[in-house]
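Engineer: Sharing a structure here in structure tokens format.
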């Protein structure tokens, strides 16, 4: 099981997945896409988007935004660049959120959508976000998470190895617990769809 969660294995799966990612997720996007617009409303100042993927959020940013978009998969990132290379004020970088090259206190806002289901070590990634986000900056995470319902949660646990093996993302992450373990203590949780889909609004206190 350990190998499944290595950065190399997960990157390989996303590179493979990138070839049909947009087509495969099109039906889900009709439902999930509306929350992307809500997510972008929180962005201000110098913004980092973590795990930009094929760029599904990019169209919702205003043209005057100062946006840096990163992803650890060259396959996913190349799709985003191809679609949005002409959008102004966007810088695309292949980079792993678990270990970035950014200086401390670089960004006013950090945004991620459906990303921390696939970061191999989510606590390490969140701690890196805490470091590179300014004091009193905003961190907004849109995530699908493990259900609190015992039966549904157990079912997600049983299915998770298959999902990770095929696609590289987890369906049973306890993201709120990971946020707490990363040193954040000032945050709100919005339940968007039952208890599976949640938005975490974090005030970065240092």
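Engineer: Can you name the condition, by its number, that residue 57 falls short on among (1) on the phi > 0 side of the Ramachandran plot; (2) in contact (Cβ under 8 Å) with a residue 40 or more places away in the chain?
Structural biologist: (1)
Engineer: Right, another one. Out of all the residues in the stretch 52-64, which are within 20 Å of residue 118 (Cβ to Cβ) and either modelled with pLDDT of 95 or more or in contact with a helix residue (DSSP H, G or I) (Cβ under 6 Å, 6 or more places away or on another chain) (or both)?
Structural biologist: Here is the first cut: in the stretch 52-64, the residues within 20 Å of residue 118 (Cβ to Cβ) are 52-58.
Answer for the stretch 52-64, where residues must be within 20 Å of residue 118 (Cβ to Cβ) and either modelled with pLDDT of 95 or more or in contact with a helix residue (DSSP H, G or I) (Cβ under 6 Å, 6 or more places away or on another chain) (or both): 52, 53, 54, 55, 57, 58.
Engineer: Quickly run through the stretch 182-205 and pick out the residues that are in a loop (DSSP other than H, G, I, E, B) and surrounded by 16 or more Cβ atoms within 10 Å (Cβ to Cβ).
Structural biologist: Our first condition is that a residue be in a loop (DSSP other than H, G, I, E, B); within the stretch 182-205, this holds for 182-186, 194-196, 204-205.
Result: 182, 184, 196, 204.
Engineer: Being in contact (Cβ under 8 Å) with a residue 60 or more places away in the chain and within 22 Å of residue 197 (Cβ to Cβ), is that true of even one residue in the stretch 74-89?
Structural biologist: Taking every residue of the stretch 74-89 in turn, at least one turns out to be in contact (Cβ under 8 Å) with a residue 60 or more places away in the chain and within 22 Å of residue 197 (Cβ to Cβ).
Engineer: So in the stretch 7-52, with the set limited to residues that are without any contact (Cβ under 8 Å) to a residue 40 or more places away in the chain and assigned to a loop (DSSP other than H, G, I, E, B), which one is farthest from the chain's Cα centre (by Cα)?
Structural biologist: 20
Engineer: Let me ask something else. Quick one: residue 177 ticks every box in (1) in contact with a helix residue (DSSP H, G or I) (Cβ under 9 Å, 6 or more places away or on another chain); (2) surrounded by fewer than 20 Cβ atoms within 10 Å (Cβ to Cβ) except a single one, so which number is it?
Structural biologist: Condition not satisfied by residue 177: (1).
Engineer: Quick one: residue 97 ticks every box in (1) closer than 19 Å to residue 46 by Cβ; (2) buried (at least 23 other Cβ atoms within 10 Å of the Cβ); (3) touching a residue at least 60 places away in the same chain (Cβ under 8 Å) bar one, so which box is it?
Structural biologist: Checking residue 97 against (1) closer than 19 Å to residue 46 by Cβ; (2) buried (at least 23 other Cβ atoms within 10 Å of the Cβ); (3) touching a residue at least 60 places away in the same chain (Cβ under 8 Å), the one that fails is (3).
Engineer: If you go through the stretch 65-86 one residue at a time, do you hit one that is surrounded by fewer than 17 Cβ atoms within 10 Å (Cβ to Cβ), at pLDDT below 95, under 25 Å from residue 145 (Cβ atoms) and touching a helix residue (DSSP H, G or I) at 6+ places or on another chain (Cβ under 8 Å)?
Structural biologist: no
Engineer: When residue 148 is evaluated against the numbered criteria (1) without any contact (Cβ under 8 Å) to a residue 60 or more places away in the chain; (2) buried (at least 16 other Cβ atoms within 10 Å of the Cβ); (3) under 26 Å from residue 31 (Cβ atoms), which criterion, by number, is the only one it fails?
Structural biologist: For residue 148, the exception is condition (2).
The values are calculated or read from the model by the stated rules, or taken from the named source; none is laboratory data. The structure displayed is predicted, hence computed values, not measured ones. For neighbour counting, all protein chains shown are included, and Cβ atoms are generated from backbone atoms with ideal geometry for every residue, glycine included.
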